[in-house]
1. Could you go through the stretch B:300-319 and let me know if any residue there is touching a Leu at 6+ places or on another chain (Cβ under 9 Å), away from chain A (no Cβ under 14 Å), more than 16 Å from the ligand (Cβ to nearest atom) and part of a loop (DSSP other than H, G, I, E, B).
2. Residue by residue through the stretch A:155-185, note down the ones that are open to solvent by 20 Å² or more (accessible area, probe 1.4 Å) and either among the polar types (S, T, N, Q) or out of contact with any Ser or Thr (no Cβ under 8 Å at 6 or more places or on another chain) (or both).
3. Can you tell me which residues in the stretch B:159-175 are within 7 Å of chain A (Cβ to nearest Cβ) and within 12 Å of the ligand (Cβ to nearest atom)?
4. B:G346: away from the ligand (no atom under 16 Å from the Cβ), modelled with pLDDT under 90 and part of a helix (DSSP H, G or I), yes or no?
5. Of all strands (runs of 3 or more DSSP E) completely enclosed by the stretch B:53-139, which ones contain at least 3 residues that are of a type outside the set (D, E, K, R) and within 13 Å of the ligand (Cβ to nearest atom)?
6. Consider the stretch B:140-157. How many of its residues are more than 20 Å from B:V105 (Cβ to Cβ), within 6 Å of the ligand (Cβ to nearest atom) and part of a helix (DSSP H, G or I)?
7. Here are the criteria: (1) within 9 Å of another protein chain (Cβ to nearest Cβ); (2) open to solvent by 10 Å² or more (accessible area, probe 1.4 Å). Tell me which single one A:K152 does not satisfy.
8. Being of a type in the set (S, T, Y) and open to solvent by 10 Å² or more (accessible area, probe 1.4 Å) is the filter here, so list the residues in the stretch B:150-196 that pass it.
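The values are calculated or read from the model by the stated rules, or taken from the named source; none is laboratory data. Bear in mind that the values here come from a model prediction, so they are computed numbers and not experimental data. Note that we place each Cβ from the backbone using ideal geometry, even for glycine, and neighbour counts take in every protein chain shown. The accessibility values were calculated without ligands, DNA or RNA, using every heavy atom of the protein model including side chains. Shrake-Rupley method; radii C 1.70, N 1.55, O 1.52, S 1.80 Å.
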Amino acid sequence: MNEPSETRPNPSEDQTLDTPESLEQLRDAVQSSPRVLAVGQRTKPPLSETDATLVCTRRLSGITEYEPSEFTFTALAGTPLTEITDTLAQRGQYLPFDPVLAGAGSTLGGAVGAGLSGSGRFRYGGIRDFLLGAKFISGEGEWIEAGGKVVKNAAGFDIPKLLVGSLGRYGVMAELTFKVFPQPVAQLSLGIKCSTHELARQRMARVAKSRWELFAIDYQPDPGIVHLRLGGPPQANDQIAEEIQTEWSGEVTNIPLSESIWAKTSELNFGPHDTVLKVPTTGPKMQQLCETLESAEGVTLHASLAGQLVWIAVSGNTRLRSIDTLLQSLGLSGLMVRGNGTCWLGSENGAGMAIGSQMQRAIKQAMDPTAKFPELPFPELIASQ
Amino acid sequence: MEPLDSLASIYPESRFSRDAAFQAAFESDGLTVFRAKPRAVVIPESAEEVIQTIRWCHEHAVPFVARGSGTSLSGGSLPVADGIVIALNRLNRILKIDPVERIAVVEPGVVNQHVSDAAASEGLYYAPDPSSQSICTIGGNLAFNSGGAHCLKYGMTSNHVIGCKAVLATGEVVTMGGESLETVGPDFTGLFVGSEGLFGVAIEITLRLLPKPEQFHTVLVGYDSLQAAGDAVSAVIDSGLLPGALEIMDALSIEAAEAAVACGYPPGAAAVLIVELEGPREKIEQERQQLDEILTSTEPFAQRVAVDEADRLFIWKGRKSAFSAVGRLSPDFLVQDGVVPRSRLGEALVRIQQLSAEANIRVANVFHAGDGNLHPLIMFDGSQPGALHRAEELAAKLSRLCIEMGGSITGEHGVGMEKRDFLPEMFDEPTIRMMHRIREAMDPKVIANPGKMFPGKEAPALSKVGLHPLEKAGVISRE
Ligand SMILES: Cc1cc2nc3c(=O)[nH]c(=O)nc-3n(C[C@H](O)[C@H](O)[C@H](O)COP(=O)(O)OP(=O)(O)OC[C@H]3O[C@@H](n4cnc5c(N)ncnc54)[C@H](O)[C@@H]3O)c2cc1C
């Protein structure tokens, strides 16, 4: 990994920040600099750690099409997630994956580029599954309109999915089309007290497989609570909650939604720290992470997706080196989404990394032949077989 | 040594064939209108053999086509003339079912239904359910991003493939995604799914499994117009319910289904709607009341709720048999697959009826109404001169109609050979160029399934259209 830097110059001071107000201006901005990276509201600073000219999409904002009975909307990339969630909520709809950092101001384009989904990803899928189409500008200044505007479409390569998690390194997104779902009539939150991480893991596995169809299953290692979210008609939620309470009698509490962890988790505010990493994993390694980092000072963990995603929050960058070593030893990769410094930690072949550097390089070359956008900030990948 | 001999040396004699008679079985797929003769057919039994085969193809610049069960309805698994067919049916091991992480890791030749069967004892299942699921493979599903009747709620194949190991056409072996629902970095798995075999061959696939729904509530509703059935779909959607399935059949397809399987659909119905709710019993208890009220307000002339699982399957039987049943009304037919915005379904149907009348060709309609996914069945008699051509002309008009209405030329059957001329009508030039560049990144020598998806020169021999051999045998039916 690169050396995690302790401090970082503020890019908005020493880097050009272009803020186009129209699609034409956006294209001009991309064409007029040799090296460009799109940003939204910069809620995830490590992802835009670069010396390229930053092109900010925040003035390219607004929902351009929304037809509730189609279950779709189209919005400009700089549209704040909150504007979208509010508009959808007025019509009883939502993005079921708990969009991340909406409260912090994240834009739709930034959410796609970062590839972040919250706890709700568990039930119906993540941001990748709800993205239907993308209009973006290539490094050569051409408009590419990939995917479609209807909920089902199997024509051509699924380029929109490739943009998810691409950190703006393949193009500048201008407009995105999403699928949406009806909001559940009511939601209900439960907490199950667990005395060990292992017990928490077992219980998450149990509920994840259950007939109850939970909307979210998270784990707070400190103080050891598995959080469950139910969605549906209120009576049904109550009845199911009662059964869960009976199953672990005395250990389950009803948590009022206003005090639940869901919003804090989506805002990555579950710990009092400024640096947050996203670490895709599986149950056993989640447990190992929890056990190893249990008494580490200045480190808070939060697990989502029944243990398949761990968010690690740390104070400053001082602990990053040991966390990097730990992730490497577990074969996990971590993406730093909050804080300052390099965005990559851990192993080069954790979940999501395409082992086979040639493919990754060839795709970058195909998407961006003139190297208008920075390289993906990942370590050199293991040579292919 | 003849280059083909070095390929033959990878395989025992029984799994390598240049024999014309043996190869005849691989000349076509579910779109029987096209045929092509491969140079050789190989039947690997290990991932390593697939890798070696593709490296051989790469070295000698010989085209290859991966083949699962050959049920593609768009000509996707049609051989490339003088290329190699890599038949993957024997790579059919389920490598792992992990009930704790709720995943299955499978080889590409595993049959879709077998995944759910293997996971059933753990209370889990694999959600995507193409009607060919008793025969089609996960590799084919992945390549086509296949759908089924239950996509509205849980999405297509892509939503359920979380990782994939593949050998690219360059011979490079890559691992994309993993066992977690989440990843970091660009979503290469998402790009690979739906690439129609143009990037290489998937050799190991990691699937997400879901808990089996505890209860189903299936309602069959009869309407006296297609419009009324379409309006009912909108009413259900607008109510905030999220059914597992919302399917419509028109009078002609009802007639065919009735004749084929005596499914007991309301006599005289101009359209039937099947709505299915699924979930925990407490939820279904509440939601069925809501659904009841909505359906009553749509003034159906007949309505029936499945009383038990057998009855539910009976209702679905009519729907699932609809396509093959059309074979009773017409010696030949083309299965179309297109998508329009759901709110324009009614309008699309009126246009289809007009086009059908103008061409004097009967069209039966079956659709995944919740997704706006149409499957018009264009009937013709292939023994009549020019009939196939006229049917294809009508099919082309229907594809263009979908594009014009802001939809897609394919919802689930893929572009393949059949729709390749329409891809440039759906996407503009820079976007198509970008797709070509991505393809070249994965396959610089253009040897992986060439001639599919993008317009090309080579057009294999046309033949008469008919039921897939497996349909004739009653093994599968279309959706
Ligand atoms: C009766 C009938 C009903 C059908 N119903 C449905 C339906 O409801 N929904 C639906 O979506 N489709 C349906 N189909 C279409 C078809 O079954 C699907 O497209 C299916 O996914 C094809 O699977 P297969 O194993 O037969 O693949 P094949 O036809 O053998 O191959 C399909 C494509 O996948 C590629 N391919 C195969 N394996 C691999 C691999 N390992 N790696 C890379 N590429 C590979 C092939 O090259 C080809 O391009 C139906 C077809 C029939 C005949």
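1. The answer is yes; a qualifying residue exists.
2. Residues satisfying the conditions are A:Q183, A:P184, A:V185.
3. B:L168
4. yes
5. B:64-67, B:84-87
6. Residues flagged as more than 20 Å from B:V105 (Cβ to Cβ), within 6 Å of the ligand (Cβ to nearest atom) and part of a helix (DSSP H, G or I) within the stretch B:140-157 amount to 1.
7. (2)
8. Selection gives B:Y154, B:T170, B:T175, B:T183.
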